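Note sheet for the following structure.
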Amino acid sequence: MSDTSVPDARGVDDLPDWVRRTWLVPLILGTALVVLGLILMFNLDASVGTLRWLVVISLVLAAVEAFATASFRDKAWVGWVVGFVYLVGAIIGIVWPGVTLFVLVITVGISLLIGGIVQAVMAWQAKATATGWGWGFAFGLLSVVAGLFFLFGSPADSVLILALVLAFYVFIIGVTLVVLAFAIRRATNAIADGMADTRPDL
């Protein structure tokens, strides 16, 4: 009676190429993002430009989605108007970058302010039952302060901070993908070694 728990006896050479080489995809992408993140960190002009184009791309995608789903609305013209507004916003973002970044700063500020207030209030309400409520309350207050800074601080400083956050975020994603790539490689090699060990002796 055969042991069904033993894996199929194949060596690493018998595995499909896409399985053995999958780890290269996150490795290459992660390395590229790490390099891009470092470039953005030390070239704030590029970071600011990247922020603007991210907003423009988001508006274009929102316009495409609105046009594509217009027929599903009770009144199709509403979808077309919404899409047109998004498209106009994207065009303004291309020809008038200062407005795009200003709107982005205001949006981030409002998000941080509201999110921080909600987090701080919820943490305070849970102080009687949650042992780590203080951390949540502190982070909530920090978000509120950051939101107020973005709303009432210098627009130029706010844009630079957003650019640095974007650069750091891209860098961290790149590092994560590189680590993931080597984890996939180790797991694949371990599976292959296990399969090789179970290969029957001829």
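Give the residues of region 36-58 that are without any contact (Cβ under 8 Å) to a residue 60 or more places away in the chain, farther than 30 Å from Trp80 by Cα and open to solvent by less than 60 Å² (accessible area, probe 1.4 Å), sorted by residue number.
Hit for region 36-58 is Ala46, nothing else.
Please find, within region 59-76, the residue that is modelled with the highest pLDDT out of those that are surrounded by 18 or more Cβ atoms within 10 Å (Cβ to Cβ) and small (Gly, Ala, Ser).
Once the filter is applied, the top-ranked residue is Ala63.
Tell me the residue from Trp53, Trp133, Trp80 that is out of contact with any Cys (no Cβ under 7 Å at 6 or more places or on another chain), over 30 Å from Leu33 (Cβ atoms) and at pLDDT 80 or above, please.
Trp80 is the lone residue from the list that is out of contact with any Cys (no Cβ under 7 Å at 6 or more places or on another chain), over 30 Å from Leu33 (Cβ atoms) and at pLDDT 80 or above.
Taking only region 156-169 into account, find how many residues are within 18 Å of the chain's Cα centre (by Cα) and open to solvent by 40 Å² or more (accessible area, probe 1.4 Å).
Qualifying residue count for the region: 5.
Of the residues that sit in region 112-134 and are of a type in the set (Gly, Ala, Ser) and in a loop (DSSP other than H, G, I, E, B), which one is most open to solvent (accessible area, probe 1.4 Å)?
Among those that are of a type in the set (Gly, Ala, Ser) and in a loop (DSSP other than H, G, I, E, B), it is Ala128.
Being part of a helix (DSSP H, G or I), in contact with a Phe, Trp or Tyr (Cβ under 6 Å, 6 or more places away or on another chain), buried (at least 17 other Cβ atoms within 10 Å of the Cβ) and small (Gly, Ala, Ser) is true for just one of Gly79, Gly83, Gly30, Gly93. Which residue is that?
Just one listed residue meets the conditions, Gly83.
Taking region 170-197 as the search range and keeping residues that are surrounded by 14 or more Cβ atoms within 10 Å (Cβ to Cβ) and over 14 Å from Leu27 (Cβ atoms), which one is modelled with the highest pLDDT?
The selected residue is Phe171.
Can you spot a residue in region 135-157 that is touching a Lys or Arg at 6+ places or on another chain (Cβ under 6 Å), in a helix (DSSP H, G or I) and among the hydrophobic types (A, V, I, L, M, F, W, C)?
No: region 135-157 contains no residue that is touching a Lys or Arg at 6+ places or on another chain (Cβ under 6 Å), in a helix (DSSP H, G or I) and among the hydrophobic types (A, V, I, L, M, F, W, C).
Which members of region 96-111 meet the condition of being modelled with pLDDT of 80 or more and surrounded by 15 or more Cβ atoms within 10 Å (Cβ to Cβ)?
Val105, Gly109
Are any residues in region 135-155 hydrophobic (A, V, I, L, M, F, W, C) and open to solvent by less than 70 Å² (accessible area, probe 1.4 Å), and if so, which ones?
Phe137, Ala138, Val144, Ala146, Phe150, Leu151
The values are calculated or read from the model by the stated rules, or taken from the named source; none is laboratory data. Since we're looking at a predicted model, the values are computed, not measured. Using ideal geometry, Cβ is built from the backbone for each residue, glycine included, and neighbour counts are taken over all protein chains shown. Areas reflect the complete protein model, heavy atoms only, side chains present, ligands, DNA and RNA absent. Shrake-Rupley method; radii C 1.70, N 1.55, O 1.52, S 1.80 Å.
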